[in-house]
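One structure is given here, and the rest of the page talks about it.
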Amino acid sequence: MSNGWSWDVFFEAFPLVIKGLGVTVGLTITCYLFALIFGFVWVFLRRIPFKPLSWLITWIMEFIRSTPPLIQLFFIYYAWPVIPVVGMTLSPFTSAVLGLGIHFSTYIGEVYRSGIDGVEKGQWEASTALNFSTGKKWTKIILPQAIPPTIPMLGNYLIIMFKEVPLASTIGVVGILRLANDYGAKYWNYVEPLTIVAILFLVLSYPSAILFSKLEKKMNRRFDKKAAMNNGKGAMTS
């Protein structure tokens, strides 16, 4: 056990810890794609005209958001198999995808909802006047206008999810945090391997944050320009 910082330990632990980077990144992408898709499920369930069901869905979403994701991971991995109705044992990776994916899908669903609510009322009326089917109305009119403004917010949730994925190490997913803890437990040197984990998260998260910040500014300029053009056309018409 080292009493202070050791570069020898750092360089010895680095190749061992970085082996889990693929699992960490892969889990992040899988959870994020799951959340992006399942977010639409929440949106459409909340739009069901039957009010009691809509209120129930809203309560479920609030419950998921208000519960720590770590508790949800434990429930899916440890409690799920002992439920008589279910009785299904899931792998750590699958449990992490379900736990983190469902948790973040509730937030992403709200992002989608804000984008949909931002679509002008006239666009809904136009799709009805053109006698579009429900599917065509959403794919051709509503979603193409609702999703682009939400891209920066969706990007932010990707970064947040990336930093929450290490929670999966508590149920056995062998990512960089799990390997760092294993190294620390074996050699009683935790500072160096955990520092490696922090550096890897910084190296991957910071450029992504800058990228999405630039994307947000670009999207804002684009929609400001579009709004100015629409205002100009309105002035010419009047």
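The values are calculated or read from the model by the stated rules, or taken from the named source; none is laboratory data. In this text, all values refer to a predicted model and were calculated from it rather than measured experimentally. Heads up, the Cβs are rebuilt from the backbone with ideal geometry, glycines too, and the neighbour counts pull from every protein chain shown.
Quick grid of which residues meet (1) surrounded by 18 or more Cβ atoms within 10 Å (Cβ to Cβ); (2) over 24 Å from the mean Cα position of the chain (by Cα); (3) at pLDDT 90 or above:
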site: ASN189; (1), (2), (3): yes, yes, no
site: LEU211; (1), (2), (3): no, no, no
site: MET219; (1), (2), (3): no, no, no
site: LYS226; (1), (2), (3): no, yes, no
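Of all the helices (runs of 4 or more DSSP H) wholly in the stretch 1-77, which have at least 3 residues that are in contact (Cβ under 8 Å) with a residue 24 or more places away in the chain and farther than 18 Å from TYR107 by Cβ?
7-17, 21-46
Within the stretch 118-127, can one find any residue that is closer than 22 Å to SER66 by Cβ and out of contact with any Ser or Thr (no Cβ under 9 Å at 6 or more places or on another chain)?
Looking for residues that are closer than 22 Å to SER66 by Cβ and out of contact with any Ser or Thr (no Cβ under 9 Å at 6 or more places or on another chain), one finds none in the stretch 118-127, hence no.
For the stretch 175-186, give me each residue that is touching a Pro at 6+ places or on another chain (Cβ under 9 Å) and not hydrophobic (A, V, I, L, M, F, W, C).
GLY175, ARG178, ASN181, ASP182, TYR183, GLY184
What are the residues in the stretch 81-108 that are in a helix (DSSP H, G or I) and at pLDDT below 85, if any?
Of everything in the stretch 81-108, those that are in a helix (DSSP H, G or I) and at pLDDT below 85 turn out to be PRO81, VAL82.
Out of curiosity, is LEU158 of a type outside the set (S, T, N, Q) and in contact with a helix residue (DSSP H, G or I) (Cβ under 7 Å, 6 or more places away or on another chain)?
The answer is yes for LEU158.
For residues that are touching a helix residue (DSSP H, G or I) at 6+ places or on another chain (Cβ under 6 Å) and not in a helix (DSSP H, G or I), tally how many sit in the stretch 109-138.
1
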